[in-house]
Each structure stands twice: as C-alpha cells, then as structure tokens.
1. Before rounding to the nearest 500, sum -39500 (n - 2.57) across all DSSP H runs of length at least 4 in chain A and divide by the residue total; then give [θ] at 222 nm in deg cm²/dmol.
2. Quick one: label points 7 angstrom along Cα→Cβ at A:Ser132, distances to the other copies in nm, smallest first?
3. From the label point of A:Gln7, set 7 Å from Cα along Cα→Cβ, how far away are the matching label points in the other copies, in nm, ordered shortest to longest?
4. What is the angle, in °, between the Cα long axis of helix A:60-72 and the longest principal axis of the Cα atoms in chain A? Nearest 10 is fine, range 0 to 90.
5. Of all the accessible heavy-atom surface of chain B, with the other protein chains kept in place and a 1.4 Å probe, what percent is carbon and sulfur?
6. In percent, how large is the relative contact order of region A:13-162, given Cα pairs closer than 8 Å and 6 or more residues apart?
7. What residues qualify as long-range amide H neighbours of B:Tyr106, i.e. H under 5 Å apart, gap of 5 or more or another chain, H built at 1.01 Å from N?
8. Taking region A:79-162, which trypsin sites (Lys or Arg not before Pro) meet the DSSP loop condition and have no more than 16 other C-beta atoms within 10 Å?
Number of protein chains: 2
Amino acid sequence: MVNDADQIAAAWMREAISLGREGMRANEGGPFGAVVVCSGKIVGRGCNQVTSTCDPTAHAEVLALRQACHSLGRFELRGCEIYASCEPCPMCLAAIYWARLDKAYYGCSRQEAAAIGFDDDFIYTQMPLPISQRSLPMEQISPNESRSLFEEWSAKPDKVPY
Amino acid sequence: MVNDADQIAAAWMREAISLGREGMRANEGGPFGAVVVCSGKIVGRGCNQVTSTCDPTAHAEVLALRQACHSLGRFELRGCEIYASCEPCPMCLAAIYWARLDKAYYGCSRQEAAAIGFDDDFIYTQMPLPISQRSLPMEQISPNESRSLFEEWSAKPDKVPY
C-alpha cells in the first residue's frame, strides 16, 4: 500500500531525477539531480555541473544545499530533507551532515554509480582508512603554528559557532 | 635537518594559516585556511566562510579548490597540492579526491578541531557506517526511475567523464 507520504516523497524524487536528466542532456555534467524540501516546498535545486563549470565540488546535492541556504538565509537546514537521484558521495554526505538536514532520500546506489564509471564507492573506501594507508599522500606539517589559530578561536568572544 | 622542500612546504602552510587567521578575525567563519599550489605558485586561496555567506560547504579547502580550478580552467587538479591549516573534514577530503590532487598537507588534526567544538571527527565516524546505523535518517526510493538516468548516461555518445 502506498500512502500519501510515500507519494509525496516519490514526487520530490521525480523532480530531482528530472533536474539530473535536463542537466545531463544539456551537457552540464553527470547524471545526477537533487532537491531540498522545506515545509512542503522546494527551496533548493541542483544538477551536476562539474565539467561545464570547471568545479569538482559542483555536485547536484552541494548546489541544492547552497541554494537552499541562500533561499532561507541561514547556514544550516534543520527541518529540511534532501532528495538525490543517487546515494550522496562522501563529499555530499558530509555536506548534508554539516547542514544538519533531517533526512536524505536517494535513488540509485553508490555501486550503481561505480558501475557507470564514477568514483563514489572508491572514495567511500578511502574515508575510514588511516592517513598512511590512503591512495592520496597526506602529511602533517607545522602543527604548532596551526594550533595557535584554534587557540585564538577558543578565546574569541564574538565567534559564531556552527 | 630541514631541507629546501620542507621549508617551502612550511611557507605555503604559513600562508594557509594566515588566510585562516584573517578570515576568523574578519568574522567570515571558523579558524581554517587553505591554499592550492601548482608548479610553485598559489593558484587557489580560501578561508572558512560558512557563517558569513550562509553556505555550509564554504570550507577553506572547498573554496581554494574551486578557485584553483577556475584559475587553471579545468575541473581536476592533477599536479597540484593543497595546504590546509587543519586536517580536511570528510567533505573536503572527498573534494580533494574528486579533484585528483597529488598531495594534501595539513596542520592540526581532526581531534583538535573536535576539541574546539567542530564536527569533523564525528562526521568521519559516520562515513563508513551502514546506512541504517547513521545518525542521519536515509531512505532509498524510486531506484528504477533513478536508474534510467544512468542508462541514458551510459548510452550518451558525447558525455564528458570525470
């Protein structure tokens, strides 16, 4: 049995898929779309624009989150949900955590994205690895100088936490 | 013994720290700065601007990557290195993978960021969890409709992979 909430969620997902399809056909980027919904209205839309805008962070979810924050005039999205045509990659998932959305709906899986040549699944495998075991070389330098920045932040009387 | 390469790396890191300090003092956002270096020159700069621009994705690294891609006119950054005043969060680390940089240098650790109130470490713990065990509710819907987008991409003759 399909209830009203399921039908509404499916309608938002259709909008996300439609955005992804339009973007792909217009050669804006990969086959991915997303919408952010707040109180029954779309407040952010995005389709992948990595290759057309020369921006590796221009994933559908990131663009939809940014537009939603801009629309609502705040840097977090409590009370909002995101609908993404594919399971968010680690960049987008972490962005969803930073933006503190209530829920994420997704269509395809990261494995299906991998099957058509995208690195989502590979990047997921890199995330929990110790730094020394990642394919990306990483090196810690100047920790004391960097720490002084954190100490100044801790003591800053007018900071805006997020 | 400190060699030339170490001294040069320390100088780029000082620039990243300096950007983070300026941004923090100007109330642009948190205490984080980053630079992207290509062939011995800075091609992208960023300081955290989450709270001032209402953009949860406006981390120093993301802004530096975006500026570097814009400067170089390409959507990936092979041959480049990033210097970040703090260990990149999962969003930024995944962005670094998508942009295919050669190496990432970092100052403070994610644990130090946690100690001054930032969620980097918490979000790292969420990444490898099965979807059902995350603190963020996630639900898969409309997988078949989403998959049709991937099928169209696979068959698209003029796609630009990334």
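1. -14000 deg cm²/dmol, from helical runs alone.
2. Counterpart label points of A:Ser132 in the remaining copies fall at 3.6 nm.
3. Relative to the other copies, A:Gln7 has label-point distances of 7.3 nm.
4. Once rounded, one gets 80 degrees.
5. It is 50 percent, rounded to a whole number.
6. In percent, rounded to a whole number, it is 16.
7. Distant-sequence amide H within range of B:Tyr106: A:Glu139, A:Gln140, A:Ile141, B:Ala84.
8. Those satisfying the criteria are A:Arg100, A:Arg134.
The values are calculated or read from the model by the stated rules, or taken from the named source; none is laboratory data. Because the structure is predicted, anything quoted here is derived from the model rather than measured. Please note: Cβ atoms are built from the backbone with ideal geometry, for glycine as well, and neighbour counts cover all protein chains shown. For accessibility, only protein heavy atoms count, side chains too; no ligands or nucleic acids. Shrake-Rupley method; radii C 1.70, N 1.55, O 1.52, S 1.80 Å.
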